[in-house]
1. From the list MET63, MET117, which one is surrounded by fewer than 18 Cβ atoms within 10 Å (Cβ to Cβ) and within 13 Å of the chain's Cα centre (by Cα)?
2. In the range 1-38, how many are modelled with pLDDT under 95 and of a type in the set (A, V, I, L, M, F, W, C)?
3. Going by the conditions given, is ALA158 touching a residue at least 60 places away in the same chain (Cβ under 8 Å), over 30 Å from MET29 (Cβ atoms) and out of contact with any Leu (no Cβ under 7 Å at 6 or more places or on another chain)?
4. Just checking, does the range 138-151 include any residue being outside the structural domain of LEU31 (by TED's automatic domain parsing) and closer than 19 Å to PHE14 by Cβ?
5. Can you name the residue in the range 85-103 that is crowded, with 19+ Cβ neighbours inside 10 Å and part of a loop (DSSP other than H, G, I, E, B) and is also farthest from the chain's Cα centre (by Cα) among such residues?
Amino acid sequence: MTRLSAHRRHLVRFKLNGKAIEGEAEPRMLLSDFLRQQIGATGTHVGCEQGVCGACTIEVDGMLTRACLTLAVQIDGCELRTVEGLSPSPDRLGILQRAFRRNHALQCGFCTAGILMSLDHYLARHPAADESEVQDLLSGHLCRCTGYTPIIRAALEAAAELATASEENRHA
């Protein structure tokens, strides 16, 4: 009797936050587990494992993706960006991260990585986002600690800073 290939590990090569990475994954291994357990990128959190809470949100080839609903073998050849890739350098926070810190937009921090990824993705495309747009975006994320008010405040502050920077770049 032959063994099924379901337990065979597959080489997965991809870029993670601009760096070439490779690892081995079983065909059924979730991307969230692969990133955390095989690669050591523990910023991506796993909450509901059903794609509802948004804690595992990352970018795959520039598209927001729930890592708990994606198989690791599916990202072979892709470019991934996780919360670890939001900072411009290891010793500096990005605009959105600084706004979160100033506005106390996290408490336990569990949902924060996914929210930051979604907001970063959205604000890069819509730097002049208003409160209703931010609220719509956040409807795809569950936070049980903050009540969303400081998160919205931080997002709007970051949006204003991004819009100003974008305007200054156009006139430079």
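1. Checking each option against the conditions leaves just MET63.
2. Residues flagged as modelled with pLDDT under 95 and of a type in the set (A, V, I, L, M, F, W, C) within the range 1-38 amount to 3.
3. No, not satisfied.
4. Checking the range 138-151: not a single residue is outside the structural domain of LEU31 (by TED's automatic domain parsing) and closer than 19 Å to PHE14 by Cβ.
5. ASN103
The values are calculated or read from the model by the stated rules, or taken from the named source; none is laboratory data. Because the structure is predicted, anything quoted here is derived from the model rather than measured. Every residue, glycine among them, receives a Cβ derived from its backbone with ideal geometry; neighbour counts consider all protein chains shown.
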